[in-house]
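Everything below concerns the one structure shown next.
Readers should treat all values here as calculations from the given coordinates under stated rules, not as data from a laboratory. Quick caveat: nothing in here was measured; it's all calculated off a predicted structure. Cβ atoms come from the backbone with ideal geometry, glycine included; neighbour counts cover every protein chain shown.
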Amino acid sequence: MCNGCGCPLPGPSSDEELCDDCLHTPRKWKAARATFLYRDGAKKLVWELKYADRAEIATAAGPWLMKTLQPILPENPIIAPVPLHWTRLLKRKYNQSELLSQSLSRIGKFEHAPSLLKRTKRTPPLFGLDREERELWLQNAISFNSKMEIQTRGRHIVLVDDVMTTGATLSAATEACLKNDVASVRVVFLARAAKND
C-alpha cells in the first residue's frame with residue numbers, strides 16, 4: 001500500500017513505499033490509509049452514507065477505520081473531519097466525514113475536534129476534475145479554527161474523509177492544519193478511488 005495516498009501497490013510493500021503519483025507530487029500529510037477501494041460494494045456504501053440518509057453506516061465504519069488507522073496511528077491524536085460548506089451541509093443534513101470521525105474517535109477513545117476546520121468557500125461538485133483543477137477551486141477554501149490553536153499546537157492530527165480521489169481536498173485541509181503549528185497530519189478515508197477507475 002502506498003504510504004502517501006493509500007492506493008494498493010503490486011506485491012509486498014513496506015510502510016514507507018510510495019506510488020508513482022506520490023513520488024512525482026509529494027503529499028503534504030505524513031501518511032494515508034484507505035479502508036476500501038472505491039468500487040462495487042464500497043461505492044454503494046459511500047453513496048448511501050452521503051446521499052441516502054444512511055448515517056448508521058458511519059457508526060458501523062468506526063471499527064473498520066480504527067483497523068485502517070492502526071499502522072499509522074500517532075501518539076495522542078486529535079481526530080477531525082474534512083469540513084463541508086454550510087450550504088452543502090443544509091442540503092445533506094449532516095457531514096458524512098464528521099460522522100465517520102466521530103465514530104472513529106469513539107472507538108479509539110481519541111479527542112474529537114469536529115470544528116477544527118471550516119469550509120469558507122463554496123465550491124462546485126469536483127467530480128470529474130483533475131488534481132490541478134480541484135486544487136484551483138480549493139485555494140483558500142478551508143480554514144483552521146483559530147480558537148483551537150493552543151489546544152492543537154504540537155499535536156498530531158488525523159483527518160477523516162469519506163473518499164479520496166486526487167487528494168486535493170485533503171491537501172487543502174492538511175495545509176490549513178500545518179500553518180497552525182501542529183506536529184503532523186495523517187489522513188484516513190473510508191474509500192480510495194483507484195487510479196485507473
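Assorted remarks:
- Kirkwood hydrodynamic radius of the range 1-88, from the reciprocal of the average inverse Cα-Cα distance over all distinct pairs: 15.0 Å.
- Exceeding the 27 Å Cα-Cα cut-off - candidates Lys67/Lys91; Lys93/Lys121; Lys50/Lys109; Lys91/Lys118: Lys67/Lys91
- Where labels lie 7 Å past Cα in the beta-carbon direction, separation of Glu16 and Lys44 in nm: 4.2
- Radius of gyration over Kirkwood radius for the chain, both on Cα atoms: the Rg/Rh ratio is 0.93.
- Test item: Cα-centred dipole of the chain, Lys/Arg +1 and Asp/Glu -1 on Cβ, debye: 700
- Length gained when the stretch Thr120-Lys67 is fully extended (0.36 nm per residue, less Cα-Cα span): 15.9 nm
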